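*Asks:* Just passing along the structure, written as structure tokens.
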Amino acid sequence: MLIGDLKKSLILALLLMGFTSIVAQILLIRELLVTFSGNELSIGIILANWLILESLGSLISGRITDKVRGQTQIYAATQLIISAYLPVAIYLARIFKSFIGSAPGEGVGLFPIFYGSLLILAPLSLSDGTQFSFGCQLYSQITKREAPAIGRVYLYEAVGATAGGFAFTYLFLPHFHSIQIALGIAVMNLLSALFLLKSFRSGVHALSGINKRKSSGGITIAISLLLLLVAFYLSFSAGADRIHRDSLQRQWRGQILKAYENSIYGNVTVTQRENQLTFFDNGIPITSTPNPDIARIEELVHLPLLFHPQPKKVLLLGGGAGGVLREILKHPVERIDYAELDPLIIHVIRKFTSPLTDHELNSPRVNIEYIDGRLFVKRTARRYDLVIINLPQPSTLQLNRFYTKEFFLEVRKVLKEGGIVVISAPGSLSYISEELKLINACLFNTLNEVYPYIRPIPGEPNLFLASDLKDITMLKPSIIFQRFNERSLVTELLTNFHIKYKLDEKRRQWLLKSIVDGDNNIINKDFHPSGLWYNLTLWHALFSPGLKGVVRLIGRIKLWMLLLPLVLSALFFIAVKRRSQKSKKALLPLAIASTGFGGMVFDLVLILVFQSLYGYVFQMIGLLIASFMVGLILGGLGMIRHMERKKSSLPLFLRLELLLVLYGAVFPTVLILLHSYMDVPSVFQSAPAFLLLLNMVTGLLVGMEFPLANRIYLSSPPEAEHLSRVAGTLYASDLVGAWSGAMIASVILIPVLGVLKTCGLVIFLKLTSLILLATRK
């Protein structure tokens, strides 16, 4: 009975380990993203720091776990650290900019993002990694089995993480703010620590080797009770709300905070300075009222509409409220379809309404669709005279989908004959840097792949108008003046003189020459998102100019440059391992790291493909991640049961490595075929289920390797005596591989090399680990 209670309390703690880890990750990534006004690179750096610190905690603790006494108290102590520090970490994330003297809404460089997130995450990530090693040791002592114990702990963490992801998205986020969520996590961990300590205290005499001292965590229990009382008091009084408001006020210092709300898509904040309201989406300003950026808005709207002789129907993707809709409504349009992904943005704008936004959002000619813009374009049966893509630059894989050749082809299908699509690109009226040339060349060339005629309009930003009619390139300013007067447009800054200046032929030729000097071969595609990379190079140039040279070198990477070091490393290992036992032992961690890398790459690619085909549907992205975790759980569970019946391990591991190599070859081939036949209705309808199944298979293969690798590693002396060391080493290897996939693949490999070559690198990586293991004596 005592042993049963011990096991239940530990399993609960292990499930909570995965639950807490995923909730804390998502929570702090969202908070830091707002703080740093970041993009996908920021997310990559934050996630990388978490995984590296977690692997470090696992690796270090794995070396000492079997040498220390009071392992239960130490595990419970890590729960106490997480409970006490998580609310503090949120507070620090919000006020970090005040320490470095950066203003709210201002972008920061890579170095502050790196060291800031590293310091803030360290106590949590190190504790999380420590829990895994100590959890494996404790579980093996209860069950008296080693390799299956590590696999079971790995599974319990995966189950907890899956539950945590769903709970955060559908329960915590809609109903609680970050401080309340952190306190809720603290209460769960403190109760788990108390249950764990009580169970082990009662059963201390029932098991040998666990907590032989009679003082079974008395001090830890007392601290847990004290922290639990504090957490309960803050949760059920106004304390949590006061901490929440104080931290936000310090985060948005110098401004009056009017609203701070979260949705499944991000954070929306409203601040006030004097009579001006500014609306932020994930820390990035998106609009201001009652006085918006009228110069940019009038150029974005009126110039393209004046190029069309009779614009009746307009499609606007993103950024409509706060001036853009009002300016479109000044033209004789009959209908404006406005696609906005996050309903919270419109809800908050309506909440702080002004005459400007009230006129826009309540106009009978405006139809608001709360849907991903790309998905709307794919589904709509309407045809438009003008499509305005008023979205941020392609700074993430999600945004890059709106600037690819495939998307421009979809837009062309919804345009009427002579219809115009307009996009913007970063620009300068004085000097165009190399980074500006590259991003403009990328977008211009991609448009030119679909539309035969493009009219660039230089400015800050540049505008590119594309159409299937040559008139767009030949239209004289006098015709624009005439239409301007005929429509009786009332504007604040746009005049005949300003239009003449914007359409000056010399300035247009200057911009075209700069684009030609950039690169004529750059095409932005769904499976090769080069637009993301060139936008990141521009971001580096602005915020981390010292790294410009390094970034340019990375942009020139070819696949063979990455394969050559792998070949040389493999040859070196083959030569050295014949004389070195340590090099042989390193092969399994390397194989696990490469599997973690491959699994993360395949997962990212599937999410990218799904977004390209169906748009950003958050619930389906969540299901894709969940399907991977379900596969991971099933694979690990199946392998543990297989290991209980079969003794041979290495031959089976080699077969799994070969299976991963073959899967890596089949995976991109299937995706290309699927992408090619999406116009077939049956394929379009069944593809989501197929992608979920494919991602489950990826998780299945990844999950099968980890418990098997632990058995092989434990069966080789002298590791048979050091279960926690084995668990810590292989878990750290898995995390390092996942980090490489999350950081390097999403930010560098996929944008620079493309999906196919990135998958090719995974195939070669797994083939290398297979050959090295196969030649191991």
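*Asks:* Here's a check for you: in segment 401-449, which residue that is open to solvent by 30 Å² or more (accessible area, probe 1.4 Å) and among the aliphatic types (A, V, I, L, M) is farthest from the chain's Cα centre (by Cα)?
*Replies:* Ranking the qualifying residues of segment 401-449, first place goes to LEU429.
*Asks:* Criterion first (under 21 Å from the mean Cα position of the chain (by Cα) and open to solvent by less than 10 Å² (accessible area, probe 1.4 Å)) does ASN710 satisfy it?
*Replies:* No: the conditions fail for ASN710.
*Asks:* Which pairs do you get when a residue that is at negative phi and modelled with pLDDT of 80 or more, found in segment 707-731, comes within reach of a residue that is surrounded by fewer than 24 Cβ atoms within 10 Å (Cβ to Cβ) and polar (S, T, N, Q), reach meaning Cβ atoms under 7 angstrom, with the pair 6+ apart or on two chains?
*Replies:* Here the result reads LEU708/SER649; ARG711/SER649; ILE712/SER649, each pair linking segment 707-731 to a residue that is surrounded by fewer than 24 Cβ atoms within 10 Å (Cβ to Cβ) and polar (S, T, N, Q).
*Asks:* Let me ask something additional. Among the residues of segment 378-391, count how many are assigned to a loop (DSSP other than H, G, I, E, B) and either farther than 16 Å from GLU299 by Cα or of a type in the set (A, V, I, L, M) (or both).
*Replies:* Residues that pass the stated criteria total 5.
*Asks:* Right, another one. What about THR78, is it free of Cβ contacts under 8 Å to residues at least 60 places away in the same chain, buried (at least 19 other Cβ atoms within 10 Å of the Cβ) and over 22 Å from the mean Cα position of the chain (by Cα)?
*Replies:* Criteria met by THR78.
*Asks:* Still on this model: Among (1) modelled with pLDDT of 90 or more; (2) hydroxyl-bearing (Ser, Thr, Tyr); (3) within 30 Å of ARG350 (Cα to Cα), where does TYR233 come up short?
*Replies:* So the condition that TYR233 fails would be (3).
*Asks:* Sticking with this one: Just checking, which of GLY101, GLY116, GLY151 is open to solvent by less than 40 Å² (accessible area, probe 1.4 Å) and within 30 Å of LEU277 (Cα to Cα)?
*Replies:* Every option except GLY116 fails the conditions.
*Asks:* Name the residue that is nearest to the chain's Cα centre (by Cα), counting only residues in segment 152-168 that are within 17 Å of PHE628 (Cα to Cα) and not aliphatic (A, V, I, L, M).
*Replies:* Among those that are within 17 Å of PHE628 (Cα to Cα) and not aliphatic (A, V, I, L, M), it is GLY165.
*Asks:* Among (1) hydroxyl-bearing (Ser, Thr, Tyr); (2) modelled with pLDDT under 90; (3) farther than 30 Å from ILE371 by Cβ, there is one condition THR169 misses while meeting the rest; what is its number?
*Replies:* Only one criterion in (1) hydroxyl-bearing (Ser, Thr, Tyr); (2) modelled with pLDDT under 90; (3) farther than 30 Å from ILE371 by Cβ is unmet by THR169, namely (3).
*Asks:* Another question about this same structure. For segment 670-707, give me each residue that is more than 21 Å from ALA161 (Cβ to Cβ) and over 25 Å from the mean Cα position of the chain (by Cα).
*Replies:* If the condition is that a residue be more than 21 Å from ALA161 (Cβ to Cβ) and over 25 Å from the mean Cα position of the chain (by Cα), then LEU673, SER676, TYR677, MET678, ASP679, VAL680, PRO681, SER682, VAL683, PHE684, GLN685, SER686 are the ones that fit.
The values are calculated or read from the model by the stated rules, or taken from the named source; none is laboratory data. Owing to the predicted nature of the structure, the values given are computational and were not obtained by experimental measurement. Don't worry about glycine lacking a Cβ; one is built from the backbone with ideal geometry, like all the others, and counts go over all protein chains shown. Ligands, DNA and RNA are stripped out before the accessible areas are found, and what is left, the full protein with its side chains, is counted by its heavy atoms. Shrake-Rupley method; radii C 1.70, N 1.55, O 1.52, S 1.80 Å.
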